[in-house]
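Participant: Got a structure for you, questions after.
The values are calculated or read from the model by the stated rules, or taken from the named source; none is laboratory data. The model shown is predicted, which means the values in this text are computed figures rather than measured ones. We place every Cβ from the backbone using ideal geometry, glycine too, and count neighbours over all the protein chains shown.
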Amino acid sequence: MVERKRVRKIPSDEIQGEGSWVVVARITVGEIRVKQKAGRKKGADIFGLTMDILKTHVLEWNWVDDDGEPLPQPKDDPDVIDQLVEFETVFLANHITGSEADAKN
């Protein structure tokens with residue numbers, strides 16, 4: 001059966017430990033174009049644009065903070081993305097934009 005796999009549940013064991021996962025929606029070509037256009041403007045905040053993408057494309061997770069307490073669900077509190085560390089945001093960004101290896105799964 002044909003099935004579009006834009007929304008995916010991805011294991012994140014290497015980021016948050018065994019059994020962790022995150023649900024992300026892949027970015028569309030149209031969304032990329034809008035962000036690229038915004039990024040070309042003088043003084044554009046590329047980092048802010050990237051964070052906006054994460055806040056709208058990370059849907060669910062079972063991630064925890066430094067104390068092992070569950071983080072709020074991003075769909076309920078998008079600003080929780082601001083609590084992440086660099087390698088966590090890179091992991092999410094890579095899965096939102098997708099990769100050739102990921103596309104094969």
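Participant: From L59, L71, L92, grab the single residue that is modelled with pLDDT of 95 or more and either more than 15 Å from V7 (Cα to Cα) or of a type in the set (F, W, Y) (or both).
Facilitator: Residue meeting the stated conditions: L71.
Participant: Only one residue in I96, I15, I10 is part of a helix (DSSP H, G or I), β-branched (V, I, T), within 12 Å of the chain's Cα centre (by Cα) and surrounded by 12 or more Cβ atoms within 10 Å (Cβ to Cβ). Which one? Reasoning before the result, please.
Facilitator: On the way: I15 fails: within 12 Å of the chain's Cα centre (by Cα); I10 fails: part of a helix (DSSP H, G or I).
Only one candidate qualifies: I96.
Participant: Every residue in segment 46-64 that is acidic (D, E) and outside any helix (DSSP H, G or I), please.
Facilitator: E60
Participant: A further question follows. For segment 65-82, indicate whether the set of residues that are in a helix (DSSP H, G or I) and of a type in the set (A, V, I, L, M) is non-empty.
Facilitator: So far as segment 65-82 goes, yes, one or more of its residues are in a helix (DSSP H, G or I) and of a type in the set (A, V, I, L, M).
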